[in-house]
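Here's the structure, in structure tokens; my notes come after.
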Ligand SMILES: Nc1ncnc2c1ncn2[C@@H]1O[C@H](COP(=O)(O)OP(=O)(O)OP(=O)(O)O)[C@@H](O)[C@H]1O
Ligand SMILES: [Mg+2]
């Protein structure tokens, strides 16, 4: 299976509605390709548009121009122009995204939340729960927390639940926005190993990591984006 993401001519402008409709250009004409077995780290100053770029790759943000082609189900899909239904299919089968924050689903226990991606794909509940519990042990989530919803967990605990929930399924392509930001050293090392293992099994990975040591441990290539030009494209 081909695992590849191809970004062509991607630009993103934001319209600042509270500033009289001024436009700000954040990303300009980005070209990027990421292949199986690569971990490409987006490196740029704070505010340059790293998270914006990842959100465009996941089609959370609609780019102002350009394409994001993802190899999915034996064909290229441009998630920037694809219909919503197809974007959801790409996210389901091909594209995993770990953000810095967990989207908590009320009343669902931690084990159920982590196991859900496998259950959704037809894995038997008990088997999915066992795999989820393995990951929770691996990521040092205390057993007393497994059967309560993660809404009240600490930032680092929520982040680890989030990582477990994505890593439980072998996504061909992974997008990672500072997945180790709130972790202590031991957990950071564990997550670095998990990400490297995913790359070694052939995942194509695009990530943002503020920490220099983490970048060193993970990056097969650094992708720089220029600092955002805080120019107004259109004066209102
Ligand atoms: N939805 C939005 N509407 C308006 N402006 C936005 C929006 N999302 C991001 N921006 C702006 O785009 C710029 C880039 O933001 P982004 O979050 O991509 O930066 P970043 O490189 O990830 O920074 P950091 O390293 O601090 O996380 C910022 O100036 C931000 O204010
Ligand atoms: Mg960011």
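A few notes on this one:
- So residue 96, is it more than 16 Å from ligand 2 (Cβ to nearest atom), surrounded by fewer than 14 Cβ atoms within 10 Å (Cβ to Cβ) and either under 21 Å from residue 117 (Cβ atoms) or at pLDDT below 95 (or both): no
- In a residue-by-residue description of the range 7-19, the property of being assigned to a strand (DSSP E or B) and on the phi > 0 side of the Ramachandran plot applies to at least one position.
- Filter pass, residue 179 being within 16 Å of ligand 1 (Cβ to nearest atom), under 15 Å from the mean Cα position of the chain (by Cα) and crowded, with 18+ Cβ neighbours inside 10 Å: yes
- Taking the listed residues 47, 37, 66, the one that is farther than 30 Å from residue 145 by Cα, touching a helix residue (DSSP H, G or I) at 6+ places or on another chain (Cβ under 9 Å) and not in a strand (DSSP E or B) is 37, with no other qualifying.
The values are calculated or read from the model by the stated rules, or taken from the named source; none is laboratory data. All values derive from a computational prediction rather than experimental measurement. When we count neighbours, we look across all protein chains shown, and the Cβ atoms used for this are built from the backbone with ideal geometry, even at glycine.
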